[in-house]
Amino acid sequence: MTISPPDAQFRHVGLYVRDLDAMVAFYQRVLGMVVTDQGPTQRGGRIVFLSRSPLEHHQLVLVEGRDDAMGVGLINQLSFRLSSLKDLQTFNEIFKTEGVRVDRTMNHGNAWSIYCYDPEDNRLELYAGSPWYIAQPCAEPLDLDESEEVLMAQTEALVRADPTFMLKADWAKRQAAAVGVDPATIDVD
């Protein structure tokens, strides 16, 4: 008999950093996170906990101690879910103002994303979910300077042309069953 893992949802990530103060300032200023706690580590460095959620003590942990021997690209990306496409467009403007280095903006059909870098070249993804699902990967270019209405219409045309298309709510119910959750309890936003 195989034991099913308990429900474990992603809530935070920890990063070793070179310049703790610069990293904390970036996540506060650009992403609006707040410091929830900070202090010394057992190894003598400093640690800072940040969150943007009233329900999560920390979504990001920054720890002094990253050095060249550790290499670069220790993570693929840190992903931050947004409430709407409009919020993603707002971040696009913030990133322009702040001079944040953007890797790319993508339409995934089931979500719209901006991939960018923090001051130590950790890749971030900020994304907003769409009301649709199509199989991944799907990575079409996205022009966030277009109107929200145009982007919605472009995305709907993209997903409806895909043979795996379904409404997000239908996919969520299928996924709930796959992970052992009663689909009737799923509230899709």
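The values are calculated or read from the model by the stated rules, or taken from the named source; none is laboratory data. This is a predicted model, so every value here is computed, not measured. Positions of Cβ are backbone-derived with ideal geometry, glycine not excepted, and every protein chain shown enters the neighbour counts. SASA here: full protein model, heavy atoms, side chains in, ligands and nucleic acids out. Shrake-Rupley method; radii C 1.70, N 1.55, O 1.52, S 1.80 Å.
Some notes on this structure:
- When residues in region 80-103 are screened for being open to solvent by 30 Å² or more (accessible area, probe 1.4 Å) and within 17 Å of A22 (Cα to Cα), 3 of them pass.
- Pick from region 7-18, criterion in contact with an Asp or Glu (Cβ under 7 Å, 6 or more places away or on another chain) and under 10 Å from R66 (Cβ atoms), ranking: most open to solvent (accessible area, probe 1.4 Å): R18
- Which numbered condition Y117 misses (of (1) in contact (Cβ under 8 Å) with a residue 24 or more places away in the chain; (2) within 17 Å of the chain's Cα centre (by Cα); (3) open to solvent by less than 60 Å² (accessible area, probe 1.4 Å)): (1)
- Helices (runs of 4 or more DSSP H) lying entirely in region 77-189 (those with 1 or more residues that are over 25 Å from R29 (Cα atoms)): 148-160, 168-178
- Scanning region 148-189 for residues that are free of Cβ contacts under 8 Å to residues at least 12 places away in the same chain and open to solvent by less than 50 Å² (accessible area, probe 1.4 Å) yields A176, P183.
- The one condition from (1) in a helix (DSSP H, G or I); (2) without any contact (Cβ under 8 Å) to a residue 60 or more places away in the chain; (3) crowded, with 16+ Cβ neighbours inside 10 Å that D21 does not meet is (3).
- Condition met for G32 (open to solvent by 50 Å² or more (accessible area, probe 1.4 Å) and at positive phi): no
- Tally of residues being at pLDDT 95 or above and of a type in the set (V, I, T) across region 8-29: 1
- Criterion (under 23 Å from S113 (Cβ atoms), touching a strand residue (DSSP E or B) at 6+ places or on another chain (Cβ under 8 Å) and at pLDDT below 85) met by exactly one of L74, L60, L50: L74
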